[in-house]
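Asks: Here it is, the structure, as structure tokens.
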Amino acid sequence: MDPQTIGLVESDIAESVKCYIQDKRNRVNGKFRLVSYQVRRLSEEPVGYLGDHYLLDVNLREKMVHYSPEEEEKYAEEEYISFFVKVIPDNVPKLADYIKEMGCFRKEILLYKHVIPRLQDVMIGTRPFVSTAYFTKGDRMIVFENLTSEGYSIVEHTKHLLDFEHLKVALQAVAKLHASSLILEERSKTPIPKLFVGYLNENAYVDDDDHVRKINLENAIQVLCEMIKRIEKYASSEKLDEILLKVPDVIRKIYDFSKPSTVFRNVLNHGDLWCNNVMFRYEMIPTSVDSSCINTEGHLPEGRKVTSDREDQAETGKDADVSNSALFVTNANHESRRRIPVEAKLVDFQLARFAPPVLDVWTLIMLCSTRAFRQQHLTALLDSYYQTLGDLLLSNSNMNIEQIISRNEYSASCDSFALAGLIESLLFSHLTLLPKQAAKDMLNCSENFDNFLRGNGKLHICLRYFEQDTNYRNRMTEMLEELVESLK
């Protein structure tokens, strides 16, 4: 597809490549010649709700001093670079208007231009915890590095659930984001919202009757209440009317949860931590090694070897199955290895906010796990996050976490924000757990999206799949039961 189809011209592509070469090779004045380029859709299925996603493929040659273009073509090797491009979906006008009203692209562009570089700077020596943006155009387009080229991938085919190892590694990336926010504040003696005025205005939960997100929330409440009516244990309960009366007010507590706290320390929150916004890098480790030995940089203790998927494929002489589940292979030395996540990067900062760190922590855990899983692993995950945060503050700025967020404060905030994580999981999951075809039909047509947003479309679609799709019904039922049990 011609890049101009999505508004990318040759000079935009050249600027993206220039910034890429400067970043990856530390060459400020690298000279090159574009040979060819194209864009293609990342997927025919929706991978997110707030933008269109493409891959930009670029072939280029390095310019050679005193060589003619013909000689360059003969002697200079051709190189391939891939970029990830996010664009406002102008072909679906109602969706584009919705995204613009929320200010998603404007927020993310401001963060990538001004905030994230500052955060990365205070974490020198720590591997980057977010993707790199190389080019922006107006408030409608961002060109990123393609993390898949760097060995990262999202977790697929697990019904949006993550196991313990994935969640632990994901929380390490979240801790890096939060630690960088705390370090920047401590060094500048200025809260993040005053350093970057207006950058973190709330755009997901806006309690304004005229705002599109208020309409969204009220529609979601209607959907969730109708689902409760269809859960057998409540449908015949004499307390059903009381439950339906209380649920809306509980859901609306998210307006307060998403604000900066006056009780707990606040940090820059990602704000959109469902599984598609965390990308993982994997390594093969000996089965004799406990994965808990791997540090926040994805390294084993000195003397132990970690190999990539590619290296183990070479050793075995065959392609390895690199699915999301743990992978076991035996190399030439007859040593069994398994594939585990060792590092994660966060993507998509369109809903970032300033709030207590546990809001991100709870959202990630609740969205990506079941109730039974949390009963077994929740304490370990919460402890792991806090330990990682403390280690990062100490190693990057010699800060004592007890003086920044004491263990008692952290524990109290975990208790206070558990409900926030549950509310977030309901508000996200009634959409993200819909079958892909339902999301595709909604996002590909302006009329369908507008009906989904402002009419009865959301109610009809969600209830249809609540009745027809076992996974959707079971997951939503479990969350709703937990919500009802929290009512007082």
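The values are calculated or read from the model by the stated rules, or taken from the named source; none is laboratory data. All of these numbers come straight from a predicted model, not from anything done at the bench. Here Cβ is always computed from backbone atoms with ideal geometry, including for glycine, and neighbour counts include all displayed protein chains. The accessibility values were calculated without ligands, DNA or RNA, using every heavy atom of the protein model including side chains. Shrake-Rupley method; radii C 1.70, N 1.55, O 1.52, S 1.80 Å.
Asks: What about SER82, is it crowded, with 18+ Cβ neighbours inside 10 Å, assigned by the TED database to the domain that holds ARG41 and under 22 Å from GLN38 (Cα atoms)?
Replies: Numbers: crowded, with 18+ Cβ neighbours inside 10 Å: no; assigned by the TED database to the domain that holds ARG41: yes; under 22 Å from GLN38 (Cα atoms): yes.
Here the answer is no, as SER82 does not meet what is asked.
Asks: Let me ask you something else. Checking ARG407 against (1) open to solvent by 30 Å² or more (accessible area, probe 1.4 Å); (2) in contact (Cβ under 8 Å) with a residue 12 or more places away in the chain; (3) more than 30 Å from LEU184 (Cα to Cα), which single condition isn't satisfied?
Replies: Just one mismatch for ARG407, condition (3).
Conditions tested, residue by residue: (1) open to solvent by 60 Å² or more (accessible area, probe 1.4 Å); (2) outside any loop (DSSP other than H, G, I, E, B); (3) farther than 16 Å from ALA133 by Cβ.
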residue	(1), (2), (3)
MET1	yes, no, yes
GLN4	yes, yes, yes
SER11	yes, yes, yes
GLU15	yes, yes, no
SER36	no, yes, yes
GLU44	yes, no, yes
TYR49	no, no, yes
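Asks: Cβ-Cβ distance below 6 Å, separation of 6 or more or different chains: which pairs start in the stretch 254-270 with a residue that is part of a helix (DSSP H, G or I) and end on one that is acidic (Asp, Glu)?
Replies: Cβ pairs passing all conditions: TYR255/ASP207.
Asks: Let me ask another. Return the residues of the stretch 383-404 that are surrounded by fewer than 16 Cβ atoms within 10 Å (Cβ to Cβ), at pLDDT 95 or above and assigned to a helix (DSSP H, G or I); say none if nothing qualifies.
Replies: Correct list: ASP383, GLN387, LEU394, GLU402, GLN403.
Asks: Still on this structure, I have one more. Can you tell me which residue among LEU217, LEU224, LEU182 is among the hydrophobic types (A, V, I, L, M, F, W, C), under 14 Å from ARG118 (Cβ atoms) and touching a residue at least 60 places away in the same chain (Cβ under 8 Å)? Full working, then the answer.
Replies: Details: LEU217 fails: under 14 Å from ARG118 (Cβ atoms); LEU224 fails: under 14 Å from ARG118 (Cβ atoms).
Matching residue, one of LEU217, LEU224, LEU182: LEU182.
Asks: I need the full set of residues from the stretch 140-151 which are assigned to a loop (DSSP other than H, G, I, E, B), open to solvent by less than 40 Å² (accessible area, probe 1.4 Å) and among the charged types (D, E, K, R), in order please.
Replies: none
Asks: Given the conditions (1) of a type outside the set (A, V, I, L, M, F, W, C); (2) free of Cβ contacts under 8 Å to residues at least 12 places away in the same chain; (3) over 23 Å from GLU482 (Cα atoms), which single one is not true for TYR386?
Replies: The failed condition is (2).
Asks: Additional query: Can you work out which of the residues in the stretch 152-173 that are touching a strand residue (DSSP E or B) at 6+ places or on another chain (Cβ under 7 Å) and among the hydrophobic types (A, V, I, L, M, F, W, C) is surrounded by the fewest Cβ atoms within 10 Å (Cβ to Cβ)?
Replies: Among them, the one singled out is ILE154.
Asks: Also, I was wondering about something else. Can you tell me which residue within the stretch 68-95, out of those that are farther than 24 Å from SER16 by Cα and part of a helix (DSSP H, G or I), is modelled with the lowest pLDDT?
Replies: TYR75
Asks: With the structure loaded, tell me whether ALA380 is open to solvent by 10 Å² or more (accessible area, probe 1.4 Å), farther than 20 Å from LEU119 by Cβ, out of contact with any helix residue (DSSP H, G or I) (no Cβ under 8 Å at 6 or more places or on another chain) and part of a helix (DSSP H, G or I) or whether it fails that test. Give the steps one after another, and end with the answer.
Replies: Numbers: open to solvent by 10 Å² or more (accessible area, probe 1.4 Å): yes; farther than 20 Å from LEU119 by Cβ: yes; out of contact with any helix residue (DSSP H, G or I) (no Cβ under 8 Å at 6 or more places or on another chain): no; part of a helix (DSSP H, G or I): yes.
Taking the combined requirement at face value, the residue does not satisfy it.
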